[in-house]
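First the structure, in the form of structure tokens, and then the observations on it.
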Amino acid sequence: MTLAPEPSGRTEPAGAGTAAVAAGHPATVNAARDILDQGGNAFDAAIAAACVAAVAEPGLTSLGGGGFLLADPVGEEPVLIDFFVDTPGRGSAVHDVQMTPVDIRFGGAVQRFNVGYGSVAVPGCLAGYLHIHQRWGSLDLTSVLRPAIQTAREGVEISRFQAQFFALLEPIFTLTEQGRRIFAPGGRFLGQGDLCTNPWLADFFEHIAATHPSPPKHRRDAALGRTGHALSAAIADQIGHEMAAHGGLVTATDLNSYRVIERAPLRIVYGGVEVFTNPPPSFGGSIVTAALTSMGTTPASERPRPGSAAAVAALVGSLRDAVDVHRRRPPFAPLQASKGTTHISVVDALGNVATMTTSNGSGSGVFLADTGIHANNIMGEEDLHPEGLHSEPAGLRVGSMMAPTIVRWPEGRKVALGTGGSERIRSAIAQTLSHLIDAGESISDAVKQPRFHWDGAVLQCEPGFDIACMEQLAASMPVNRWETPDLYFGGVHAVDTDGHAVGDTRRGGQGWVSTPG
């Protein structure tokens, strides 16, 4: 089944010093816009958008998953905030881990997912969002969470794009009674045009707003994520008891021991500009920067035009070599195969930049305690665990392909971008960066260019490459040319400090910029 893009993504130019947002759903974009209009900064806006995305993009993200935010605050060096998931099981007495196999049909292919309590890894999104708010937020948490509370209580209309995701994931969404109450109220599964509400999540957001303080004025060592998961003891205990009762490994100890990690981002200079992205132990950023570094050994004047057969072949070779190097590195560095991922990019009028990618895997069908939070299924994804499911010790940070990225030009311009798309993340980011830097294209043109992905055996290509290019490539490698653009190739949502935003139509993206004055 091909999930066709909606004609809703756009790019909007504006003057310097404007704010800009790009994300995967109109409600997500509007949440960030509302916060910026209230005087919040890019970090307030990113958190508000991410919390609304948990309602508006439930097939892609949740507070029950994890992710990364790359921050470039005015007057500070860029910082990568790692709040991805941990392996569970600290203090667990569960020996018979319970998972449910679910078959999902993608077009003519059927893929099996392992879901249920035993598939859940220790989530990090809540801790990450609170950490970011304590570190850089300017508005009180009640204001930041108000859009999510309203959206969860009043509902969001399911778009055509999201309805297609809903249809694919129906067996997971309706696995448990809580899921059926949210996604199949009255016994009818939700579809395009229906309102999706989550009153339990609205109540939980209100609880979080009431029990967590506003950001301190002197906050460098005050971020809550460094001192625990930020769930109350009662909720953590309830989650632990429910997990143990149903064959899950996540314990209250796991939740209370979870730590958000601040890392120095990877930095390279390519084509005379700085590129910052996600560092190890995740590997998407390492693969992208290794590929660009390899490309950079050819003088800029001699590099082939991006999109040409020579350029595609060169970038395919560089990405393939970088992946091969990664796969030879031990230990516990599995390829990220999560199907549910989304991205948010924000720049505020002061020049603060936030770019954040989050994932819930394919979702476990499990809702944590009475919070309305849909838990991830990352421990059940066999591609992530080459040594076998639940073979890793508890308390390890899982690797990821996610690579939120910031590009800085010497004259001061910045671009923030990122994408979902599993292993295609590396291809989408690298190609977009090449079009931005090598060809000097606008973010709109760079995002709209046709994409390719080498899947290990075949070069998958979107329509848009010229016939001569395809013929040259087919002479040297197997090529499969798609009939339409598709979310398979990612959804790059990008903003820049010159006042532009573009949401990738491949994943229902939208862009918004503020109006000067």
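The values are calculated or read from the model by the stated rules, or taken from the named source; none is laboratory data. Computed from a predicted structure; not experimentally measured. With ideal geometry, Cβ positions are generated from the backbone for all residues, glycine too; neighbour counts draw on all protein chains shown.
For Ala290, indicate whether it is closer than 30 Å to Ser476 by Cα, aliphatic (A, V, I, L, M) and modelled with pLDDT of 90 or more. For Ala290, the condition - closer than 30 Å to Ser476 by Cα, aliphatic (A, V, I, L, M) and modelled with pLDDT of 90 or more - is met. Just one of the numbered conditions (1) more than 20 Å from the chain's Cα centre (by Cα); (2) under 30 Å from Val79 (Cα atoms) is not true of Arg180: (2).
To keep it simple, each residue is scored yes or no on (1) surrounded by fewer than 24 Cβ atoms within 10 Å (Cβ to Cβ); (2) within 22 Å of Tyr488 (Cβ to Cβ).
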position: His95; (1), (2): yes, no
position: Met99; (1), (2): yes, no
position: Phe113; (1), (2): no, yes
position: Gly124; (1), (2): no, no
position: Gly128; (1), (2): no, no
position: Ile132; (1), (2): no, no
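Each row is one residue, and each column tells you yes or no for (1) within 17 Å of the chain's Cα centre (by Cα); (2) within 17 Å of Gln134 (Cα to Cα); (3) of a type in the set (A, V, I, L, M, F, W, C).
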site	(1), (2), (3)
Cys51	yes, yes, yes
Glu57	yes, no, no
Ile104	no, no, yes
Tyr117	no, no, no
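Quick grid of which residues meet (1) assigned to a helix (DSSP H, G or I); (2) modelled with pLDDT of 95 or more; (3) within 27 Å of Gly395 (Cβ to Cβ); (4) touching a Pro at 6+ places or on another chain (Cβ under 7 Å):
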position	(1), (2), (3), (4)
Leu69	no, yes, yes, yes
His95	no, no, yes, no
Gly118	yes, yes, yes, no
Ile132	yes, yes, yes, no
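Only a single item in (1) free of Cβ contacts under 8 Å to residues at least 60 places away in the same chain; (2) under 22 Å from the mean Cα position of the chain (by Cα); (3) part of a loop (DSSP other than H, G, I, E, B) is not met by Gly75, and it is number (2). Within the range 348-376, being part of a loop (DSSP other than H, G, I, E, B) and either of a type in the set (Ser, Thr, Tyr) or surrounded by fewer than 24 Cβ atoms within 10 Å (Cβ to Cβ) (or both) holds for Ala349, Leu350, Gly351, Ser362, Ser364, Ala369, Asp370, Thr371. Within the range 134-165, can you find the residues that are aliphatic (A, V, I, L, M), modelled with pLDDT of 95 or more and closer than 30 Å to Arg188 by Cα? Within the range 134-165, Leu145, Ala148, Ile149, Ala152, Val156 meet the criteria.
Counting only residues that are in contact (Cβ under 8 Å) with a residue 40 or more places away in the chain and either surrounded by 17 or more Cβ atoms within 10 Å (Cβ to Cβ) or not aliphatic (A, V, I, L, M) (or both), the range 184-212 holds 14 of them.
For the range 23-38, the criterion of a residue being at positive phi and either modelled with pLDDT under 80 or out of contact with any strand residue (DSSP E or B) (no Cβ under 8 Å at 6 or more places or on another chain) (or both) is satisfied by no position. Between Ala48, Ala32, which is surrounded by 21 or more Cβ atoms within 10 Å (Cβ to Cβ), in contact with a Pro (Cβ under 7 Å, 6 or more places away or on another chain) and outside any loop (DSSP other than H, G, I, E, B)? Answer to the check: Ala48. Looking only at residues of the range 144-176 that are in a loop (DSSP other than H, G, I, E, B) and polar (S, T, N, Q), we find that the one that is surrounded by the fewest Cβ atoms within 10 Å (Cβ to Cβ) is Thr174. Just give me the residues in the range 2-22 being more than 28 Å from Asp194 (Cβ to Cβ) and either at pLDDT below 95 or not in a strand (DSSP E or B) (or both), in sequence order. Within the range 2-22, Thr11, Glu12, Pro13, Ala14, Gly15, Ala16, Gly17, Thr18, Ala19 qualify.
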